[in-house]
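Undergrad: Before anything else, here's the structure in question.
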Amino acid sequence: MMDDFDKEFRNTRLAPKEQEPHDEGHPHLIDGEFQSDKYPTCPRGKVPLSCKDPTAQDLLWEYAQRRRSVDAEFAADLEDALRSKGYDAGMAYQRERAPDTKPVATREMVERTRDHLARRWEHALEQPLTGPKGARP
């Protein structure tokens, strides 16, 4: 049985590139709707995302979480598809980063820093209060 997306996809006919009225300065917008140039048969207004694309996996995972209340089976299947392509939701925050960006703090790094600061604070509280060097009490 075909769902609405499949019907819309089958019925989509694209005009040749030179006839498409692109919005000036926005080559992916046609009459205000997104159109993929990489996947021209994808219906206008739809964004093609792949479960095997590491840059899309966290977005798809989040979508599955939001969609769960509407269609739990869809959400579970999308999560399983992402896992089968190597996505680990627990490791999402440790993804590879661009070389010119600051490192992402992992949960372990945050906990170590918090514990270190707590120990230094406790140590400081145990020390007697003193003024600057040479000051008289």
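Undergrad: Taking the condition in the same structural domain as TYR87 (by TED's automatic domain parsing), modelled with pLDDT of 85 or more, under 26 Å from the mean Cα position of the chain (by Cα) and not basic (Lys, Arg), does ASP37 pass?
TA: In short, no.
Undergrad: Note down all Cβ pairs under 9 Å where the first residue falls in region 69-89 and is over 16 Å from LEU49 (Cα atoms) and assigned by TED's automatic domain parsing to the domain that holds LEU59, the second is of a type in the set (Asp, Glu) and surrounded by 14 or more Cβ atoms within 10 Å (Cβ to Cβ), and they're at least six residues apart or on different chains.
TA: Pairs found: ALA89/ASP58; ALA89/GLU79.
Undergrad: For region 59-78, enumerate the residues that are in contact with a Leu (Cβ under 9 Å, 6 or more places away or on another chain) and of a type outside the set (Lys, Arg).
TA: We begin by selecting, within region 59-78, every residue in contact with a Leu (Cβ under 9 Å, 6 or more places away or on another chain); these are 59-61, 63-64, 67, 78.
Across region 59-78, the qualifying residues are LEU59, LEU60, TRP61, TYR63, ALA64, LEU78.
Undergrad: If you check ALA64 against the conditions, is it under 30 Å from GLU24 (Cα atoms), part of a helix (DSSP H, G or I), of a type outside the set (Phe, Trp, Tyr) and out of contact with any Lys or Arg (no Cβ under 9 Å at 6 or more places or on another chain)?
TA: Here the answer is no, as ALA64 does not meet what is asked.
Undergrad: For the structure I just gave you, tell me whether TYR93 is hydroxyl-bearing (Ser, Thr, Tyr), at pLDDT below 60 and not in a loop (DSSP other than H, G, I, E, B). Steps first, answer last, please.
TA: Values: hydroxyl-bearing (Ser, Thr, Tyr): yes; at pLDDT below 60: yes; not in a loop (DSSP other than H, G, I, E, B): yes.
Taking the combined requirement at face value, the residue satisfies it.
Undergrad: Just for region 10-34: of the residues that are surrounded by 12 or more Cβ atoms within 10 Å (Cβ to Cβ) and touching a strand residue (DSSP E or B) at 6+ places or on another chain (Cβ under 7 Å), which one is modelled with the lowest pLDDT?
TA: Here the answer is GLU20.
The values are calculated or read from the model by the stated rules, or taken from the named source; none is laboratory data. None of these values were measured; they are calculated from a predicted model. Don't worry about glycine lacking a Cβ; one is built from the backbone with ideal geometry, like all the others, and counts go over all protein chains shown.
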